[in-house]
Structure formats: C-alpha cells, structure tokens
Amino acid sequence: MAEPSGVLRAGPGRYFCYCRPAPGPGSAATVYVTDALEVWAGRLGGDAPENGVAELRTALGRGTVSLELRDGAATLQLREGRDALLLSRLPAAEARPQLQALLFAMAARVRDLEERLEALGSSYSPEKNSTQNQQPLLPDPSPRKNRAAGSILPAKRKIPGESLINPGFKSKSVPSGVDFEDS
C-alpha cells in the first residue's frame, strides 16, 4: 500500500483513501477511496504528479479532505472550493483485486511494524499484552487501590496517644494501662 492514506467520513459511512503510484516514472498516481464494498478511483493530474500526492498527504494529515458521493461517482475535495478530484466507481471485476491488494498490503505493513518493534527491543508482544495485564486508561477511584499504588496524597502518620477509632482526637491524659491487682 502506498502513501498517503487516511479515513474519511461521508454521511453515515467511513471510507479509506489511499494512493498508488503509476508504474512509470513521472506518471500520474491513482487515488482510491473504498468503503470495503465498493471502490472509486481517479488519477492525479497536473504537470508534477508528485506534487498532487504531497498535497493529498498534507490534506489527509490535516483532515481537510472531504468526500462527496453522488450517482456512482465520488468527489474528493482537498481544500474548500478548490482542487476537486472526480473519482469513478470501479466495476466489481476491477474492485475485487484492488480490495485484495489493499488487504494484503495492510497485513504486510502490520507484520513489518511488529518486526520493527521487536527489533527495537520493545516489550510489545500480543501474548504479554493481554487484556488482563493492561493498565486501565483512567485511574481507579477505589481508595484502597490508590493507597496501595502510592497515591499522591501523603500517608498520615500515627501520633502517640491518638485514638484509632476517632483519628484526630488526642487523649488529654497519658495512658496508664489496666491495673488487675486492685480488683
């Protein structure tokens, strides 16, 4: 799968936009948009197709690309009111190999990223990072867990003579103990 790529929204659906370079040098790249059921395609034109790919990459990164679907065609707009690219729906015979190539390219990309993580000595491993071992994203509001995990609040020290039942109350007399002989 070639860059750039990104997820777009149009109406209630989500669409994946990606670009493939043309086989020959200096040729126009093809932009594809798919919802995993249908595929729309169009060629980036202009004098320098590399500039169109760079502009598409920048627009996808900024989130300024909009998609509009109408009557079997799609319009990919890179900026407000300018630079619209008309995409036509591919027939099922052409769309199937495109979706298959996209799927396997994404799988290869995931595999390569996993190998790079392992090469970096990362502790990432699908077996190690099961849902049981993952930390919650938000802190647990339970006071017992917060104290055990080293809460931000300082631990209260036990003061001699302070009541265990009523903390904060300090006995005014010195504890003398119990005298068992006077009974």
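Bear in mind these aren't lab numbers, they're just calculated from the coordinates by the rules spelled out. None of the values given here were measured: they were computed from a predicted structure. With ideal geometry, Cβ positions are generated from the backbone for all residues, glycine too; neighbour counts draw on all protein chains shown.
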Between residue 104 and residue 120, the two model label points (7 Å from Cα along the beta-carbon direction) sit apart by a distance in nm of 2.8
The alpha-carbon pair-distance distribution computed for segment 5-93, with 10 angstrom bins and whole-percent values, is 17, 54, 26, 2
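With 10 angstrom as the radius, rank 176, 5 by how many other C-beta atoms surround their C-beta, starting from the fewest.
With the sparsest Cβ surroundings first, the list reads 176, 5.
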Residues meeting the amide H criterion for residue 85 (H placed from the backbone, H to H distance under 5 Å, 5 or more places apart or on another chain) are 76, 77, 78
Note on segment 76-115: alpha-carbon gyration tensor, axes a ≥ b ≥ c; rule is a/c under 1.5 for rounded, else prolate if a/b larger than b/c, else oblate; result oblate
Taking a crude spin-label model, label points 7 Å out from Cα along the C-beta direction, the residue 7 to residue 92 distance in nm is 2.8
To the nearest 20 debye, segment 5-93 has a Cα-centred charge dipole, built from +1 on Lys and Arg Cβ and -1 on Asp and Glu Cβ, of 160
